[in-house]
Amino acid sequence: MIHKFKFENSNIVMDIHSGSIHLLDDVAYTLVEEAETLSKEELMLKYAGQFEKEQIEEAYEELMSLKEQQMLYTPDLYEEFVPAFLEREPVVKALCLHVAHDCNLACQYCFAGEGEYHGERGMMSFEVGKNAIDFIIQNSKHRKNIEIDFFGGEPLMNFEVVKQIVEYARSREAESGKTFRFTMTTNGVLLNDEIIDYLNANMYNVVLSLDGRPEVNDRMRPTCNGKGSYEVILPKFKKLVEKRQGKQYYVRGTFTRHNLDFAEDVKHIHEAGFDEVSVEPVVAPTTMNYALQQEDVSQLCKEYETLAKHMVKLTKQGKGFNFFHFMIDLEGGPCVHKRLAGCGSGTEYLAVTPDGDLYPCHQFVGLPEFKMGDVKQGITNLEKRAEFEKCNVYSKEMCKSCWAKFQCSGGCAANSYNFHGTINSVYEIGCALQKKRIECAVGIKAELLESE
Amino acid sequence: MKHIKTLNTKNLPCSAKKGGCGECQTSCQSACKTSCTVGNQACEK
């Protein structure tokens, strides 16, 4: 399977099953699809009026040479891996700890309500957090790297417990042979010097929520009494990042139907002094006035392209920055196993509520049919876990034949469930945007290579 | 080659032989939380 597209001055061909990516001149780009089935003579006859005979011959030979090296027209070798992959021993390696089901903002689009996730407001106790750490040490088998994300609601509303959980996990690292990597996702309202220093010393990654331009941010991210949050938060985020000394962080925003020109928000965040940016499409029922609609897709795709071109320009000037959704590792990146399995929700990755209940991921929290067990007893809903284990690229008909399958790995199970009532489907708007982002990510690399 | 330039050296079939250690970052832990972005994660090996 191949996928071809143009980006600025580049003709790009992706060979999906080898992972190879090629830049072609106009002759090879024109021939590349038909060269898989037609002979050289047939191509020369067909394109005699368009290209020189010698050019067609050369381009054809080059395409066939790549085929021989398994870098083009590579057959799908991976579906046969699936049975072995389904036999894997269940391992949990990442937990999203909902340390606070409460929030000090009232973001309009929050999938957690105002932090309470279809349930009651509540704070995680240290006891539950400790049990969660014990649970993951016991269930992560031979995995060394363990990830814990402090999430909410707003996790800083329960900061003392966060500190206790970190201390406890660290105290168990040596004897258990594990390395804990902590992340916090915060809205920033409660940040002060002491908390900033603590997070920078202890968190491997911090995700800082800000949507972009002040009017865009404040419309969707008001405080509980209806005021804007931008002015309160921005200086705190700046201070945190200045003191972070290069450790991982993202300023992460959400765009909605109210700011389809979201590239302006990405630029705004960058110009405010942040080099690590992630701005993502809102996921919401189509009945909400801020929800993205199918008819918005073409405009959003253009917006991604505008952003990509802006980033190429800045990078050439030596002023580039990182946009999470345009990151792509052309030399390495995840192995096929990871690309088949996807995000690991319900298997490798679980969410823990303040009461210690386990869910497949943060987006399923509060939906009773998805409760999988709790941190004391472990996974008790084996049927639900099996459903998530079986979910992979080849279990979804629409993914099998999709050129983007090894980038999104079948997409988000929660999105699929929210739109189609099953984890084994796809969210079509998400697919369209994902494909465009991959094209932009590859396009940026191609343009930068061509300009070298 | 005159007509084609290869952009990368990725070899997925090769990663199938030696991959699967599972030590890499869980994609939703890195930044997204709402969209599955597996392809941009780094390999730990």
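The label-point distance for A:D193 and A:L45, in a model that sets each label 7 Å from Cα toward Cβ, rounds to 8.2 nm.
Charges were assigned to the Cβ only: +1 to each Lys and Arg, -1 to each Asp and Glu. The resulting dipole of region A:53-158 about its Cα centre is roughly 680 debye. Applying a threshold of 26 Å to the alpha-carbon distances of A:K396/B:K5; A:K238/A:K436; A:K319/A:K445; A:K236/A:K302; A:K4/B:K10; A:K53/B:K10 flags A:K396/B:K5; A:K238/A:K436; A:K236/A:K302; A:K53/B:K10 as lying beyond it.
Restricting to region A:65-180, compute how many DSSP beta bridges are antiparallel as a %, nearest 5. Around 20 percent of the beta bridges assigned by DSSP in region A:65-180 are antiparallel ones. List the relative contact order of region A:1-108 as a percent without decimals, with contacts defined as Cα pairs under 8 Å and 6+ residues apart. Once normalised by length, the contact order is 24 percent.
Evaluating 6.51 cos²θ - 1.76 cosθ + 1.60 at θ = phi - 60° for every residue in region A:171-184, the Karplus couplings come out as 5, 9, 4, 4, 5, 8, x, 9, 10, 8, 10, 9, 10, 10 Hz, glycine and proline recorded as x.
Quick check on region A:215-271: take the gyration tensor over C-alpha atoms, sort the square-rooted eigenvalues as a ≥ b ≥ c, and tell me if it's rounded (a/c under 1.5), prolate or oblate.
Oblate.
Taking amide H as placed 1.01 Å from N in the peptide plane, the amide H of B:Q25 sits under 5 Å from that of B:A42, each at least 5 places away or on another chain. Once backbone amide H atoms are built at 1.01 Å from N, A:M123 has A:H101 as its partners under 5 Å, excluding neighbours fewer than 5 places away on the same chain. Take every DSSP beta bridge whose two residues both sit in chain A; close to 40 percent of them are antiparallel. Between A:K4 and A:F81, the modelled label-to-label distance comes to 2.8 nm, taking each label 7 Å out from Cα in the direction of the beta carbon. All other residues whose Cβ lies under 11 angstrom from that of A:V206 are scored, Lys and Arg at +1 and Asp and Glu at -1, for a net of +1. Summing Lys, Arg as +1 and Asp, Glu as -1, what charge do residues with Cβ under 15 Å from the Cβ of A:S39 carry, A:S39 excluded? Overall, the nearby charge balance is -3.
Across region A:261-275, rounded Karplus estimates of 3J(HN,Hα) from the backbone phi angles (6.51 cos²θ - 1.76 cosθ + 1.60, θ = phi - 60°) give 8, 5, 4, 5, 6, 4, 4, 4, 4, 4, 5, 6, x, 10, 9 Hz, Gly and Pro being marked x. Treating r as the C-beta distance of A:E54 and B:T9 and R0 as 30 Å, the FRET efficiency rounds to 0.50. Close amide-amide hydrogen proximity is noted between A:E280 and A:G253, A:T254, A:F255, each under 5 Å apart and 5 or more residues distant or on a separate chain (H modeled in the peptide plane; Pro and chain starts excluded). Taking 7 Å steps out from each Cα toward its Cβ at A:S395 and A:E383 produces label points 1.5 nm apart.
Please sort by residue number the trypsin sites (Lys or Arg not before Pro) in region A:370-452 whose DSSP state is loop and whose Cβ has at most 15 other Cβ atoms within 10 Å.
A:K376
For chain A, the carbon plus sulfur part of the accessible surface works out to 48%, probe radius 1.4 Å. With all protein chains kept in place, the per residue accessible area of the protein assembly as shown amounts to 40 square angstrom at a probe of 1.4 angstrom.
The values are calculated or read from the model by the stated rules, or taken from the named source; none is laboratory data. Here the structure is a predicted model, which is why all the values come from computation and not from measurement. Note that each Cβ is placed from the backbone with ideal geometry, even for glycine, and that neighbours are counted across all protein chains shown. What goes into the accessible areas is simple: the full protein's heavy atoms, side chains included, and nothing from ligands, DNA or RNA. Shrake-Rupley method; radii C 1.70, N 1.55, O 1.52, S 1.80 Å.
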